[in-house]
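Student: Shown below is the structure under consideration.
Every number in this text was worked out from the coordinates using simple rules, so none of it is lab data. Everything numeric in this text was worked out from a predicted model, so none of it was measured. When we count neighbours, we look across all protein chains shown, and the Cβ atoms used for this are built from the backbone with ideal geometry, even at glycine.
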Amino acid sequence: MIQVLYFARLREALGRAGEPIDAAGLTEVASLLAKLRERGGVWEEALGEGQTFLVAVNQEIATPETTLRDGDEVAFFPPVTGG
Amino acid sequence: MFSVSVQPEPFDIAAEQARLCAGNPGVGALVSFVGLMRDHNDGQAVTRMRLEHYPAMTEKALGAIVQEARARWDLLGVRIVHRVGELKPGDPIVMVAVTSSHRGEAFRACEFLIDYLKTRAPFWKKETTAQGERWVDARETDAAAQARWRR
């Protein structure tokens, strides 16, 4: 399983803070993203091509090419606004 | 001492500074930056703010930023404290304090640390105005401030 987390504006738009997703066939971040977008509706909208958001794998900033392994934690979130 | 904390409680600026210098007579410079919550943003009055973060990642990201600063400058100590949860105007949100032998290193490292924190640490602000709640948008100027340090 991949533990997927959503934060801030994304959490509100998607209506959940996180979920486990079957790791089968998910080789890198891009394939997970494609799977989420296939859900359509708010998923396609909030995680769509034109949207600006960041992704972290195991708490480190990642890219669409970052490799995924079973048990990884993947987080999607908007650009950060701390400080 | 090099340490970072993320906490809902207010922090004591003077006590944090004293702790950073304690027991190290080699410290010749202490530079602190404290970010406060403004009562206005993007042309509107702001009455309250809530800071959300990604607990598992926040301290890790701050620790990595501190390591980056240590690799660039000769520092004696760094203390970063960032609040989360409910805040009101005038509340300190973040403190970045740096000690070194001489002021130049401490000044530069302090500015570098806050510039990196603002673009890399997973915090998000949601503010309350007379019109309701809104998420604060990331600023282009913050990205530009961080980009100055690239090498």
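Student: Of everything in the stretch A:37-61, what is out of contact with any Asp or Glu (no Cβ under 9 Å at 6 or more places or on another chain), buried (at least 18 other Cβ atoms within 10 Å of the Cβ) and of a type in the set (G, A, S)? Give them in sequence order.
Tutor: Scanning the stretch A:37-61 gives a single hit, A:A46.
Student: Can you find, within the stretch A:36-83, the residue that is nearest to B:K60 (Cα to Cα) among those that are within 14 Å of another protein chain (Cβ to nearest Cβ) and among the β-branched types (V, I, T)?
Tutor: Going through the qualifying residues, I end up with A:I61.
Student: Considering each residue of the stretch A:19-37, count those that are free of Cβ contacts under 8 Å to residues at least 40 places away in the same chain and over 19 Å from A:T52 (Cα atoms), and give that number.
Tutor: Count: 6.
Student: Out of the residues in the stretch B:139-151 that are in a loop (DSSP other than H, G, I, E, B) and over 17 Å from the mean Cα position of the chain (by Cα), which is surrounded by the most Cβ atoms within 10 Å (Cβ to Cβ)?
Tutor: Within the stretch B:139-151, the subset in a loop (DSSP other than H, G, I, E, B) is B:139, B:148-151.
Narrowing further to those that are over 17 Å from the mean Cα position of the chain (by Cα): B:148, B:150-151.
Details: B:R148: 10, B:R150: 5, B:R151: 4.
Once the filter is applied, the top-ranked residue is B:R148.
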